[in-house]
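The values are calculated or read from the model by the stated rules, or taken from the named source; none is laboratory data. What you see is a predicted model; the values in this text were computed from it and never measured. Heads up, the Cβs are rebuilt from the backbone with ideal geometry, glycines too, and the neighbour counts pull from every protein chain shown. All accessible areas refer to the heavy atoms of the entire protein, side chains included, with ligands and DNA or RNA removed. Shrake-Rupley method; radii C 1.70, N 1.55, O 1.52, S 1.80 Å.
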Amino acid sequence: MMPSRWISSAAFVAALIAAPAFADDNVVTVGLILPMTGQQASTGKQEQAGANLYIQTHGDKVAGKTISLVVKDDTGAPDVTKRLAQDLIANDNAKALMGFGLTPLALAVAPVATEAKVPEIVTAAATAMITEKSPYIVRTSFTLPQAAAPMAEWCLKNNIHKVVTLVADYGPGNDAEKWFSDVFEKGGGQVIEKIRTPLKSPDFAPFLQRVKDDAPEALFVFLPSGQGAEFMKQFAERGLDKSGVRLIATGDVTDDDQLAGMGDAALGVVTTHHYSANHDSPENKAFVEAFEKANPGMRPNFMAVAAYDGMALLYQALEKTKGATDGDALIAAMKGLSWVSPRGPVAIDPDTRDIVQNIYVRKVDKVDGALFNVEFDTIPNVKDPYKASKN
Ligand code: PHB
């Protein structure tokens, strides 16, 4: 017998044809698929809060339709993500899928989005090539080349010549390592060792010993959201924060979700990224205040803002299509849209369906006694450099 979780392609298509008979045309169901449990649970929690906040502050009605957000926990397992995506389309008549806490989870849904012609709005995963895997993928998070290349530029301008890189060993880590190293070496810098750590439950101790032995001027790090606090703890435990090795990273490491608890070892860490809860704009002040009111004890991170913007993107696309939910029409409407996000001005590149956004250079500092990523330089309107390099 077939396992009940297994849905054949033919059964999936048959279910797609049958589903609209039961659908309420006035309701637009959005399937938000996230890791709500397991190692990436902080991403799920932040993203759910971000999407809910958008609906709370903008209402659940757009272009004559009522938005219904259905949240599903994929536990961080790609086969579960894929099955949930199929179920949401076939059984819940979902007109858009959103979320995807890790690159393999976003990739698992790409063929489903293509077959069903349903938009897949990637609000977390950040390996550059994801948007190439389906014409129905649009992204509101970021790409690692977008964040890592500016870090290399900053090193070159700040008299740093010898660097060790340490990245999680999968798509976004490989992107971060490549784009940091290529830009740095092209500008005359030297990467003396490239270290890769396992994605699942990493113990950083043996890798940090190698960094200590290499004694570079700086250590460049990418780890997915949720691993930064443990890394910082082990970095400090080995005395590396006082060893003269400067810590630099993409902003995933000094994630706002964990930063307040990282302690003084994080002070002075320079990162490049697209969002800080400390970003100085009226839009961000309103966003942070509303987020913290709705979610006591939480501070929004870049995942929350990407889910908030994922909803903003869908609402604007529905306005443009006058409420039509046809996947091709929605994707066409999303291309080229621009708006002011809590992170600053953003746009959807019509050629790549990736987000164009400012990348900020930030330093961890205390603001009113709490640790924040304080922005001190802006690189405006950065397109994903990986796709730009192919044109
Ligand atoms: C990813 O798996 O693509 C990913 C996850 C978390 C991040 C960045 C990238 O912080």
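Couplings 3J(HN,Hα) for the stretch 182-195, derived from phi with the Karplus relation 6.51 cos²θ - 1.76 cosθ + 1.60 (θ = phi - 60°), are 4, 5, 5, 6, 4, x, x, x, 10, 9, 8, 7, 10, 9 Hz, where x marks Gly and Pro. In summary, the lysines within cross-link reach of residue 293, defined as a Cα separation below 20 angstrom excluding same-chain residues under 8 places away, comprise 45, 285. With a Förster radius of 30 Å applied to the beta-carbon distance between residue 27 and residue 298, the computed FRET efficiency rounds to 0.55.
In this structure the amide hydrogen of residue 94, modeled in the peptide plane, comes within under 5 Å of the amide hydrogens of 89, none closer than 5 places in sequence on its chain. Note on residue 79 and residue 215: the model spin-label points, each 7 Å out from Cα along the C-beta direction, lie 5.0 nm apart.
Among 101-111, 167-177, how do they line up by average Cβ neighbours within 10 Å per residue, starting with the highest? It would help to have the intermediate numbers written out before the result.
Working: 101-111: 24.8, 167-177: 22.5.
Taking the mean over residues of other Cβ atoms within 10 Å, the ranking is 101-111, 167-177.
Looking at the chain, send over the antiparallel percent of its DSSP beta bridges, to the nearest 5.
Details: 23 of 60 bridges.
Bridges in the chain that DSSP calls antiparallel: roughly 40 percent.
For residue 63 and residue 391 in the same chain, what is the full-extension length gain: residue separation times 0.36 nm, less their Cα-Cα distance, in nm? Kindly include the intermediate steps, with their values, before the conclusion.
Working: separation 328, 0.36 × 328 = 118.08 nm, distance 3.67 nm.
Gain on extension, residue 63 to residue 391, equals 114.4 nm.
Which percent of the Cα-Cα distances in the chain go past 25 Å? Walk me through the numbers on the way to the answer.
On the way: 40767 of 76245 pairs.
Of all Cα-Cα distances in the chain, 53 percent exceed 25 Å.
Karplus-based coupling profile of the stretch 51-59, in residue order and whole Hz: 5, 4, 4, 4, 5, 4, 8, 10, x, with θ = phi - 60° in 6.51 cos²θ - 1.76 cosθ + 1.60 and x standing for Gly or Pro. Residues whose amide H lies under 5 Å from that of residue 374, counting only those 5 or more places away or on a different chain, are 363, 364, 365; hydrogens are built 1.01 Å from N in the peptide plane.
Taking 0.36 nm per residue of separation and subtracting the current Cα-Cα distance, fully stretching the chain between residue 339 and residue 319 would add 5.8 nm. For the chain, the longest principal axis of the C-alpha atoms and the axis of helix 205-214 are separated by about 50°.
The angle between the Cα long axis of helix 78-92 and the main principal axis of the chain comes to about 30°, on a 0 to 90 degree scale. Applying 1/(1 + (r/R0)^6) with r as the Cβ-Cβ distance of residue 129 and residue 186 and R0 = 22 angstrom yields a FRET efficiency of 0.55. Just to check, using Stokes-Einstein with a Kirkwood Rh over alpha carbon pairs, what's the diffusion coefficient of the stretch 82-212 at 4 °C and 1.567 mPa s in µm²/s? Answer from the Stokes-Einstein relation: 79 µm²/s. Here the stretch 129-274 carries DSSP beta bridges of which approximately 0% are antiparallel, counting only pairs with both residues inside. The shape of the stretch 32-92 comes out oblate: with a ≥ b ≥ c from the C-alpha gyration tensor, a/c is at least 1.5 while a/b does not beat b/c.
For the peptides 247-257, 192-202, the ranking by mean Cβ contacts within 10 Å, running from highest to lowest, is 247-257, 192-202. Residue 358's amide H: which non-local residues (gap 5+, or another chain) put their own amide H closer than 5 Å, with H modeled 1.01 Å from N in plane and none for Pro or chain starts? Residues meeting the amide H criterion: 381, 382. Using the Cβ-Cβ distance between residue 243 and residue 351 with R0 = 51 Å, the FRET efficiency computed as 1/(1 + (r/R0)^6) comes to roughly 0.70. Residue 57 contributes about 70 Å² of solvent-accessible surface, heavy atoms of the protein only, 1.4 Å probe. With the highest mean first, a sort of the peptides 62-74, 36-48 on other beta-carbon atoms found within 10 angstrom per residue produces 36-48, 62-74.
Across the stretch 328-335, coupling constants 3J(HN,Hα) worked out from phi with the 6.51/-1.76/1.60 Karplus curve, θ = phi - 60°, read 5, 5, 5, 5, 4, 5, 6, 4 Hz, and Gly and Pro carry x.
When the Cα convex hull of the stretch 143-208 is projected onto planes of every orientation, the mean area is 4.4 nm².
Relative to the Cα centre, what is the charge dipole magnitude of the chain, using +1 at the beta carbon of each Lys and Arg, -1 at the beta carbon of each Asp and Glu, and rounding to the nearest 20 debye? Mind showing how you got there, number by number?
Numbers: 38 positive and 47 negative charges, 61 e Å.
Around 300 debye, computed over the chain.
Distance between the C-alpha centers of the stretch 177-249 and the stretch 50-89? Whole Å please. Using only Cα atoms, the two centres lie 36 Å from each other. When Rg and Dmax are taken over the Cα atoms of the stretch 259-391, they come to 16.8, 51 Å.
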